[in-house]
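Structure first, commentary second.
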Amino acid sequence: MDSQSAPKSLLCISLILLYISSAQAFNITKLLAFYDPTYSTFNSYLTQANLASDINRRQTITVLAVPNSAMKSLEGKSKDVIKDVMSLHVILDYFDDQKIHKLSKKTALLTTLFQSSGIADGQQGFLNVTVLSSGEVAFGSAVKGAQLDAQLVKSVAAQPYNISVLEVSSLIIPQGIDNSPPSPPPPPSAAPAPAPTKSKKAPAPTPAKAPKSSKSPAPAPAADSPAADVPSPAEAPADAPAADAPTPAAGPVADAPAADKPADDKSKSAGTRAGASLVLGGAVLVIAGFLSS
């Protein structure tokens with residue numbers, strides 16, 4: 001009896017494990033096609049980038065599906081860029097609509113399939129999910145300065161706690177993920193001029209000092225200048241009469257006896273009288289000339 005029941009028990013266990021494994025298995029391509037055909041472009045990019053098979057191997061995953069109308073920004077991009085952007089929309093955790101609205105801090109940093117690839121630069125492989133004050137849920141890149149520009153639209157499908165498909169309004173493309181070369185620096189002529197700096201004013205030039213020279217008397221006025229015609233008091237003629245009272249000129253004394261020659265009393269008295277008469281005569285002549293003038 002025991003020998004017969006053992007195979008039956010093994011068969012039941014195998015069936016249970018097969019059921020569990022089949023229940024956990026999912027196919028993201030069929031899932032998107034079944035729930036809404038409007039994700040055909042998004043679904044096609046997952047297949048082209050070989051991400052569908054990687055998603056199907058996961059046991060816990062969340063896919064942010066983007067409708068066809070918001071997929072135009074990937075047109076013309078290289079396969080590598082498309083793969084990086086699409087893998088950024090695959091979160092390595094389970095988040096359905098209810099779980100997101102119950103975030104303890106109203107925000108969380110989510111790890112994506114792009115981050116697990118090992119080629120993400122900085123925070124490019126992470127997503128920021130935030131519950132806004134209005135109650136809406138917004139997604140965006142975790143790169144510094146990025147905007148939360150993708151809004152949660154609705155829940156498309158959920159298989160707790162294996163896979164969740166959420167529709168978002170637009171693609172999330174972080175800065176630098178498209179491998180675009182950096183902008184070339186502006187040419188030297190286009191570089192902005194440095195702001196003028198205040199500088200000290202240059203001192204005013206000091207006028208050169210005239211060489212010292214010995215003092216010399218002022219030059220005498222020219223002969224034809226008016227000043228040369230006016231005689232100074234020192235140059236006035238000695239015999240010019242005074243303006244108020246004329247000074248009598250001295251009479252001739254040529255025949256007066258020399259003082260050193262002796263003379264007798266008579267000659268002295270005669271000479272004295274002759275001299276007096278001469279002086280008196282000279283004075284009369286001077287007075288007469290003055291009156292006649």
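The values are calculated or read from the model by the stated rules, or taken from the named source; none is laboratory data. Not measured: the values here are computed from a predicted model. Here the Cβ is made from the backbone with ideal geometry for all residues, glycine too, and neighbour counts use every protein chain on show. When the accessible area is computed, the model is the full protein with side chains, heavy atoms only, and any ligands, DNA or RNA have been set aside. Shrake-Rupley method; radii C 1.70, N 1.55, O 1.52, S 1.80 Å.
The phi-based Karplus calculation (6.51 cos²θ - 1.76 cosθ + 1.60; θ = phi - 60°) puts the 3J(HN,Hα) values of segment 61-75 at 7, 9, 10, 9, 7, 10, x, 4, 5, 10, 9, 5, 5, 9, 5 Hz, whole numbers, x for Gly and Pro. Extension gain, Ser53 to Asp93: 0.36 nm times the residue separation minus the Cα-Cα distance gives 12.7 nm. Across the protein chains, with a 1.4 Å probe defining accessible surface, the residues Tyr35, Tyr94, Tyr45 rank Tyr35, Tyr45, Tyr94 from largest area downward.
Arrange the residues Thr41, Thr47 by how much accessible surface each exposes, largest first, with a 1.4 angstrom probe.
Result of the area sort, largest leading: Thr47, Thr41.
Where in segment 116-137 does the label zone of Leu109 land, with the point 7 angstrom along Cα→C-beta and an amide N cut-off under 16 Å? Hits in segment 116-137 for Leu109 at 16 Å: 116, 120-130. For the pair Glu75 and Asn162, a Förster radius of 35 Å applied to the C-beta separation gives a FRET efficiency near 0.60, rounded to the nearest 0.05.
Placing a label point 7 Å from the Cα of His101 along the Cα-to-Cβ line, the residues of segment 129-148 whose backbone N sits under 16 Å from it are 130-138.
Under 5 Å from the amide H of Thr107 lie the amide H atoms of Val131, each residue being 5 or more positions distant or on a separate chain, with H modelled from the backbone and absent for Pro and chain starts. Put simply, the amide H of Ala150, placed in the peptide plane, has neighbours under 5 Å in Phe139, leaving out anything fewer than 5 places away on its chain.
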